[in-house]
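The values are calculated or read from the model by the stated rules, or taken from the named source; none is laboratory data. Quick caveat, the model's predicted, so the values are computed rather than measured. Heads up, the Cβs are rebuilt from the backbone with ideal geometry, glycines too, and the neighbour counts pull from every protein chain shown. The accessibility values were calculated without ligands, DNA or RNA, using every heavy atom of the protein model including side chains. Shrake-Rupley method; radii C 1.70, N 1.55, O 1.52, S 1.80 Å.
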Amino acid sequence: MAERPEDLNLPNAVITRIIKEALPDGVNISKEARSAISRAASVFVLYATSCANNFAMKGKRKTLNASDVLSAMEEMEFQRFVTPLKEALEAYRREQKGKKEASEQKKKDKDKKTDSEEQDKSRDEDNDEDEERLEEEEQNEEEEVDN
Amino acid sequence: MPSKKKKYNARFPPARIKKIMQTDEEIGKVAAAVPVIISRALELFLESLLKKACQVTQSRNAKTMTTSHLKQCIELEQQFDFLKDLVASVPDMQGDGEDNHMDGDKGARRGRKPGSGGRKNGGMGTKSKDKKLSGTDSEQEDESEDTDTDGEEETSQPPPQASHPSAHFQSPPTPFLPFASTLPLPPAPPGPSAPDEEDEEDYDS
């Protein structure tokens, strides 16, 4: 499916929210400036990506990772971002770990449930077999009596 | 006591960020954490840019942040150098004051009154009356050429200055200049008539 050009813009709602948060109460922003901020955000993403990619290439790696981005921030003279970004990374990893553990727990519970169901099923089958055996024995006894 | 501003948890969608990243053809695989970190970096960057641009806006005693304020902020801060191309086409700010933060194209337009038909003197020009008086077709053609050049004169005037938007300048009316006929004159009838009188008859007819 072909990408639409608007897919490469960042969501206006989020940008508006950040603008509202950053500007004091008395200050408004023109439409042109709002649009320029949105474009600046996209340019920042591409610039950071390009710098991070240079670090990955230096390390002879084909995959961009978090440490490349942190190094890129220092090169871009945004050193003060590094600490909050490390915190964000830790939070993300904790979140992922929590999700993973939750999914594993869910899987274990599911396996347990299926095991118990299988046990119940096998128990039921055993009971059925016992009943059938008893019925057969009774029939045999009746036949012997008839004879 | 005024209520505190609500603190939003702004988060850019990592999937969208990844799409933007991969518009660069050199980018191969990207770890899952990277778009999340860039999302957070983007929040910090926008906050920083807006705070600094806001300082510029307030220093100009303006209430609305414009692209000119952003441009000045980007040019002042070395760390925003990568955004210079983005604001290259934005006009620089003029003098101080709140009125100067219009983006250039919305200033008060100076010029003619509505209904003046695009002519300097308003209404019909003097030459349009003269067309009826002129005797031959070729004279009319000459005049139409003159009116064309008239239009060029209008456009070649220097652009109006924004300092006096309400002034209307009227050029003095052009004097009537009779045109010499370009066609060969018919042979003069025999008689003691002066050549000046013939010319006058031409114009009267």
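Mind grabbing the interface size between B and A? I mean buried accessible area, both sides, 1.4 Å probe, in Å² to the nearest hundred.
Numbers: alone 16830 and 13120 Å², together 24800 Å².
Heavy-atom accessible area buried at this interface is about 5200 Å².
Relative to the compact globular guide of 2.2 N^0.38 Å, what is the alpha carbon radius of gyration of region B:12-84, as a ratio? Please list the in-between numbers first.
Details: Rg = 15.5 Å, N = 73, 2.2 N^0.38 = 11.2 Å.
Normalised Rg, Cα atoms only: 1.38.
Would you mind checking which residues have amide H under 5 Å from B:Val30's amide H? H placed 1.01 Å from N; only 5 or more apart, or other chain.
Here the answer is A:Leu64, since their amide H atoms fall under 5 Å of that of B:Val30.
Give me the extension gain from A:Asn28 to A:Ala102: residue separation times 0.36 nm, minus the current Cα-Cα distance, reported in nm with one decimal.
Numbers: separation 74, 0.36 × 74 = 26.64 nm, distance 4.51 nm.
Using 0.36 nm per residue and subtracting the Cα-Cα distance, I get 22.1 nm.
Among A:Ala22, A:Gly59, A:Tyr47, whose Cα projects farthest towards the positive end of the dipole of region A:1-77, with charges put on the beta-carbon of Lys, Arg (+1) and Asp, Glu (-1)?
After comparing all options, I get A:Gly59.
Could you pull out every residue, at least 5 positions away or on a different chain, whose amide H is within less than 5 Å of the one on A:Asn28? Hs are placed 1.01 Å off N in the peptide plane, and Pro or chain starts have none.
The answer is B:Thr64, B:Met65.
Would you mind listing how long region A:1-77 runs along its three principal axes, going by Cα atoms, in whole Å with the largest first?
49, 37, 16
Rounded to the nearest 20 debye, what is the charge dipole size of region A:1-77 about its Cα centre when +1 sits on each Lys and Arg Cβ and -1 on each Asp and Glu Cβ? Write down the numbers at each step before the final one.
Numbers: 10 positive and 10 negative charges, 49 e Å.
So the magnitude is around 240 debye.
With r defined as the distance between the Cβ atoms of B:Lys29 and A:Ser35 and R0 fixed at 30 Å, what FRET efficiency is calculated, to the nearest 0.05?
Numbers: r = 32 Å, r/R0 = 1.07.
After rounding to 0.05, the efficiency reads 0.40.
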